[in-house]
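The structure appears below as structure tokens.
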Amino acid sequence: MASRGRLRLGSFEAVAAVLLLAAAASASAAAGSPDRPAPGPPLVLPLTRSYPNASRLLAASRRRVLGDGTRPNARMRLHDDLLTNGSVQLEFSCVLAYYTTRLYIGTPPQEFALIVDSGSTVTYVPCASCEQCGNHQDPRFQPDLSSSYSPVKCNVDCTCDNDKNQCTYERQYAEMSSSSGVLGEDIVSFGKESELKPQRAVFGCENSETGDLFSQHADGIMGLGRGQLSIMDQLVDKGVISDSFSLCYGGMDIGGGAMVLGGMPAPPGMVFSRSDPVRSPYYNIELKEIHVAGKALRLDPRIFDSKHGTVLDSGTTYAYLPEQAFVAFKDAVTSKVHPLKKIRGPDPNYKDICFAGAGRNVSQLSEVFPDVDMVFGNGQKLSLSPENYLFRHSKVEGAYCLGVFQNGKDPTTLLGGIVVRNTLVTYDRHNEKIGFWKTNCSELWDRLHINGGPSPAPSSDTGSQADMSPAPAPSGLPEFDVGLITVDMSINVTYPNLKPHLHELAELIAKELDIDTRQVRVMNVTSLGNSTLIRWGIFPDGSDNAMSNIRAMGIISRLTQHNVKLPENLGSYQLLEWNVQPLSRRSWFQEHVVSILIGILLVILITLSAFLALLVWRKKFRGQTAYRPVDSPAPEQELQPL
């Protein structure tokens, strides 16, 4: 079977300048680390789900941050994007999910969408000078435009560039993608929703990227792994957060989420597994058993302890088991779904195991598919619902496929984001344990008592738009076929300047959303002084009466996450409100009333025409053959001579 999914593992990682921050840390310690101030509350950031190159709908999430009362926290939303081969393609046969958050680098801040990756240690973005970088969501980082940027100068603790001027980094990933560039230091901001103040941090400025990193929509990677260059390690070493972070991904149909950088009290009912940092550089857990429908798989517990053990990786979409464990899991699940029909997967390149007939409602999947339990070494158990091991079939409605695969010949057990949908996962690095708490991650951000939409960049702008709250990301798929999407968009351009470009703007939006230009129409325009409010209508394709709900929610996600980029002359936009209207269900008479009326009019016209023609004909015939009585006088006619 062809391999699939984004595997961040295998990268740990050919790095230049891994020891770079160690020197800085030791210098800081020498300066008086015993008197270092106590760290503040945790940092909470939003996450976004995204979908690169080739696999499935994964869920995104939001998370609640329960501050520890002593340290600030970075609060950042998570976002999810749909990406296939570098472009939005919601109805493609297979979709891979990743989660991004917004990070701001430099003075003034330059905004980037970064994949949240617990399997990587370096945070990097494309550099303006990069000659081998793909086209991504945001403009590349321009060091010359940041007054606070400084290169990390070449020293004995790092690998240097050819000119021996600047430290470099390099990362190789298991899916054969790579990133390399130079190291720089600048102010990193986490958005207005974060309690944590901007901090100086070392990051990578890419000069080259290959594979999925080149084609993905996201700008780069936010490395949360263990390592001196990790953003987590840098913040912890500064003493501004405690040594812990949390992620929470939403359900199968709900995108977005949140990330907490910093410590938080464990919610009641959270189950833990030990995580051994000595055993592996990755975040591992002690998995001993897997139960399907309450029955343990007949496996030697040591099967989950080979090589790196059982690893959690937020940069991976699905779950990957050693061969023997995968076969046992597949057989156990298949044996419990007799009423369903086994069908081919959405992509002929993969031998997916899929089942049809389960219905569209995710909340009812547990009535058809078995529950699964993961039992840790301490006896505690994490219960998984069907959405934690299934993904939607993208071509057959009501069909689902196993999101658990064989990890080739690699004996490592790799658990990606699918396993922790609607689960708050706390990586307690200080206490060397990882906690799991089942919850509705789509509501977790609201529990943080944070209002508004995606994290805005730090700004001193106090213009007229300050009171306009951005629209939230879609919280789930509607249970109907969509007949119309309306979106209210505020654009920071005056109406007279925008009016000549409305058609151009409609074409741009259609192109970015991968739809036909005729589907995007202006429904209303309102001038708001220095800005313009436009209500757009997005209609189904001309050949269709409706668009699928997956397609509709993908379009809205693209807009709410600011994945549509406007030309500089059109300014920036803010999505204030969106609405999805179902396809109108009309009777046969309502759908054909116009045709019926036209038909009636034609019949009337034909009848009138025939009647008039008959009258004319009768009048003409009567004039030519008028009847005269036999005894009526007739004009005399003179006989002509022979």
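A few remarks follow.
- For the set His136, His503, the ranking by accessible area, highest first and with no ligand, DNA or RNA atoms included, is His503, His136 under a 1.4 Å probe.
- Residue by residue, region 232-242 carries 3J(HN,Hα) couplings of 5, 4, 5, 5, 5, 5, 6, x, 8, 9, 7 Hz when phi is fed to the Karplus relation 6.51 cos²θ - 1.76 cosθ + 1.60 (θ = phi - 60°); x denotes Gly or Pro.
- Put Trp617, Trp437, Trp578 in order of accessible area, highest first, and with a 1.4 Å probe you get Trp617, Trp578, Trp437.
- Local electrostatic count, Ala356, Cβ distance below 13 Å [Lys/Arg +1, Asp/Glu -1]: +4
- The residues of region 91-236 expose on average 34 square angstrom of accessible surface per residue, using a 1.4 Å probe on protein heavy atoms.
- Under 26 Å of direct C-alpha separation, and excluding same-chain neighbours fewer than eight residues apart, Lys620 reaches no lysines at all.
- Note that region 328-397 presents 50 Å² accessible area per residue, ligands and nucleic acids not counted, probe 1.4 Å.
- Pairs from Lys153/Lys238; Lys330/Lys395; Lys192/Lys438; Lys288/Lys438; Lys409/Lys433 whose Cα-Cα separation, in the structure shown, is over 25 Å: Lys192/Lys438; Lys409/Lys433
- Region 274-316 and region 497-531 have Cα centres spaced 51 Å apart.
- Here the accessible area is traced with a 1.4 Å probe on the protein chains. For region 172-219, carbon and sulfur cover 57 percent of it.
- In region 224-294, the portion of solvent-accessible area held by carbon and sulfur atoms comes to 54 percent [1.4 Å probe, whole percent, DNA, RNA and ligands not counted].
- Accessible area of region 364-408 belonging to carbon and sulfur atoms, whole % at 1.4 Å probe: 40 percent
- For region 266-449, fraction of C-alpha pairs farther apart than 28 Å, in %: 24 percent
- Distribution of pairwise C-alpha distances over region 122-206, 5 Å bins, in %: 3, 13, 20, 24, 20, 12, 6, 2, 0
- For the listed residue pairs Lys342/Lys381; Lys307/Lys342; Lys295/Lys381; Lys336/Lys381, the alpha carbons are over 24 angstrom apart in Lys342/Lys381; Lys307/Lys342.
The values are calculated or read from the model by the stated rules, or taken from the named source; none is laboratory data. What you are looking at is a predicted structure, and each value in this text was computed from that prediction instead of being measured. Note that each Cβ is placed from the backbone with ideal geometry, even for glycine, and that neighbours are counted across all protein chains shown. All accessible areas refer to the heavy atoms of the entire protein, side chains included, with ligands and DNA or RNA removed. Shrake-Rupley method; radii C 1.70, N 1.55, O 1.52, S 1.80 Å.
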